[in-house]
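Colleague: Before I ask anything, here is the structure I am working with.
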Amino acid sequence: MSFSSVGFFAFLLVGIIVYYVLPKNIQWVWLLILSYLYYFTFSVKASLFMVFATVTIYAGGIWLESIQKKADAYLAVNKAVITKDEKKAYKEKIKKNKRWVLLLIILLDFGMLAIVKYTDFAIENINILLGKFGAEPLSLMNLGLPLGISFFTFQSVSYIIDVYQGKYECEKNIFKMGLFVSFFPQLLQGPIGRYDRLGKQLYEGHSFNLKQVELGLQRIGWGLFKKLVIADRAAVLVLNVFTNYEMYNGFHYILAVLMYSVDLYMDFSGGIDIVIGAAQMFGITMDENFRQPYFSKSIGEFWRRWHITLGTWMKDYIFYPMSLSKKMNKFGKWAKKHMGNTIGRTLPICFANIVIFFIVGIWHGAAWKFIAYGLYNGFIIAISNLLEPVYKKLLNKFHINAASKGWTVWQIIRTFILVNIGWYFDMAESMRQALQMMKWSVVGICASQFKLEAILSLGIEARDYVIIIAGCIIVFIVSVLKEKGIAIRESIASKPLVIRWAFYYALVAVILIFGYIGATQGFIYANF
């Protein structure tokens, strides 16, 4: 049941009506039922993975709290007789025990994810090695990837780490934990929620609020516009070129990558708009996942604006623990001693960034092209950090004002180009294909290829190009206004009834007239 299907909106309508009819204290139960019913429309069998994640983190949270309570009770009873050194040793023992529990739960959940997502990838690479020695290849498992498994696994693991760190108490009700893991709007493509911001909202119950429902519908309509009018139209060209790349040349590749840049952003951000809008209609505020990423002035900034909740997850649970670890601190001291203070201070951060983006690449999919995609971004960020003092010297030498509009525009264009180079890895069927298409994008392009017939031979018509360009202009204008801090949705909702509903009817009409409704592509990130 895709977010852009009629069935989903019928499901959502029934869900909202029943939700607000029910007493507040049992509304969360209805949300849990809705969430599992929604996932059952894709696969009842696959929901067992979601149940597994729920049970493991619930049990892990209870286990961690039990260890801590027993430790606190022991220390309270023996406060008068235990020495300072004994107390310190006991606390260290308890910390070690809790660390082993945490490690077990993480291994179980990420192990589940690794088995279903990466087993065949591992077998394929083993078979390559076996082939070199003339051995028989191993059979692929063909386990199939449950929809949204990366999202609910990362969300689950964030909970157990936070409980371990004492950020909040564990959830005692396993069914409430089940709702946190399975909340249906965010299940397939995020955003990746945190228990302290999302859990209470899911359980506390809400009164019907017409303004919240209206704002939610606004957000859903905006998401459908981006998805159906722009993304699905651009996807036709992208799929045609990348699946038949031997038939095309450098100019076609460049156009296809630019279209993929449009397709991916409109698809993913449009889907997130629908998710956030649907949740808002239940009175639940979810974390934002995009903040005008194509206005970024560097790759690092791009990743702080793109898929924000994945980036903050990586930062909080991998980057900070790694960069602040004793081993990294030791490495930093060694680097300062042998390479100077500037490089020594920066190098550990660069190493941590490369590791982070290696993981981001693997998160995106089980293929070398995704690993290359992650490392591409990681090395650019690392090199930029290392060369930052050089950049500043060059700006001063050539008297360039880093705060000027001209330099800002150049940085945005440069970053956009670097991002699009990375999309080759993301969209191509293999790393080999990505590299070949990159090569021909550089050496195979010539002026004679810029012909209207060439543009119109890629699967979409002139009318489609006009609609895509017009749609992008509208999104661009909205993005500029949001960058300036203008609350567009609230502004529309405050207008007189006639103006408001004229706008809503116009949006619906545009979607119905220009949307690719009959041939809707699935949401790209649901496959992750």
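Colleague: State the answer as a single residue: which of 243, 206, 269 lies farthest towards the positive end of the charge dipole of the range 198-297, with beta carbon charges of +1 for Lys and Arg and -1 for Asp and Glu, about the Cα centre.
Modeller: Highest projection toward the positive end goes to 206.
Colleague: What do you get for Rg/Rh over the chain if you use C-alpha atoms and the Kirkwood form of Rh?
Modeller: On the Cα set of the chain, Rg over Rh gives 0.99.
Colleague: What number, in percent, do you get for the relative contact order of the range 245-370 if the mean sequence gap of Cα pairs under 8 Å and at least 6 apart is divided by its residue count?
Modeller: 12 percent
Colleague: To the nearest 0.05, what FRET efficiency results for residue 359 and residue 337 with a Förster distance of 35 Å applied to their C-beta separation?
Modeller: So, using R0 = 35 Å, E works out to roughly 0.75.
Colleague: Taking the Cα centre of the chain as the origin and placing charges on Cβ (Lys, Arg +1; Asp, Glu -1), which of 112, 58, 44 is farthest toward the positive end of the dipole?
Modeller: Working it through, the farthest residue towards the positive pole turns out to be 58.
Colleague: Quickly rank 275-287, 340-352 as a protection proxy: mean count of other C-beta atoms within 10 Å, highest first.
Modeller: 275-287, 340-352
Colleague: Of all alpha-carbon pairs in the range 45-105, indicate the percentage at a distance above 15 angstrom.
Modeller: 59 percent
Colleague: Before anything else, pin down the relative contact order of the range 1-149: Cα pairs under 8 Å, at least 6 apart, normalised by residue count, whole percent.
Modeller: Here the relative contact order equals 22 percent.
Colleague: Rounded to the nearest 0.05, what FRET efficiency do residue 43 and residue 243 give with R0 = 22 Å and r taken as the Cβ-Cβ distance? Could you check?
Modeller: Once the sixth-power term is evaluated, E becomes 0.25.
Colleague: Relative contact order (percent) for the chain, with alpha-carbon contacts under 8 angstrom and 6 or more residues of separation?
Modeller: With pairs under 8 Å counted, the relative contact order is 19 percent.
Colleague: For residue 89 and residue 466, what does the FRET efficiency come to when R0 = 60 Å and r is the distance between their Cβ atoms, rounded to the nearest 0.05?
Modeller: The calculated FRET efficiency here is 0.25.
Colleague: Using a 1.4 Å probe on the protein chains only, how many percent of the accessible area of the chain belongs to carbon and sulfur?
Modeller: 68 percent
Colleague: For the range 303-360, build the charge dipole from Cβ charges (+1 Lys, Arg; -1 Asp, Glu) around the Cα centre, then report which of 321, 339, 355 sits farthest towards its positive end.
Modeller: Farthest along the dipole direction, towards plus: 339.
Colleague: Quick one: what do you get for the range 366-443 if you divide its Cα Rg by 2.2 N^0.38 Å?
Modeller: This ratio for the range 366-443 stands at 1.36.
Colleague: Over the chain, average the accessible area per residue using a 1.4 Å probe and give it in Å², no decimals.
Modeller: Normalised by residue count, the accessible surface of the chain is 50 Å².
Colleague: Against the globular-protein guess of 2.2 N^0.38 Å, express the Cα radius of gyration of the range 122-185 as a ratio, rounded to two decimals.
Modeller: 1.83
Colleague: Which order do peptides 138-149, 97-108, 248-259 fall in by mean Cβ count within 10 Å, highest first?
Modeller: For the peptides 138-149, 97-108, 248-259, the packing ranking is 248-259, 97-108, 138-149.
Colleague: Still on this structure: How big is the range 280-382 by Rg and Dmax over its Cα atoms, in Å?
Modeller: Gyration radius and largest Cα-Cα distance of the range 280-382: 16.0, 58 Å.
Colleague: From the C-alpha coordinates alone, can you work out the Kirkwood hydrodynamic radius of the range 1-119, in Å?
Modeller: Taking the inverse mean of 1/r over all distinct Cα pairs, the range 1-119 comes out at 18.3 Å.
Colleague: Sorting check: for 305-316, 81-92, which peptide has the highest mean count of neighbouring beta carbons within 10 Å, and how do the rest follow?
Modeller: My ranking of the peptides, most packed first, is 305-316, 81-92.
Colleague: Looking at the range 167-283, what % of the alpha carbon pairs are farther apart than 20 Å?
Modeller: Value for the range 167-283: 56 percent of Cα pairs lie more than 20 Å apart.
Colleague: Also, quick follow-up: Would you mind listing how long the range 400-517 runs along its three principal axes, going by Cα atoms, in whole Å with the largest first?
Modeller: 57, 44, 29
The values are calculated or read from the model by the stated rules, or taken from the named source; none is laboratory data. All of these numbers come straight from a predicted model, not from anything done at the bench. Quick reminder, even Gly has a Cβ in these numbers, built from the backbone with ideal geometry, and neighbours come from all protein chains shown. We work out accessible area using only protein heavy atoms, side chains counted, and drop any ligands, DNA or RNA first. Shrake-Rupley method; radii C 1.70, N 1.55, O 1.52, S 1.80 Å.
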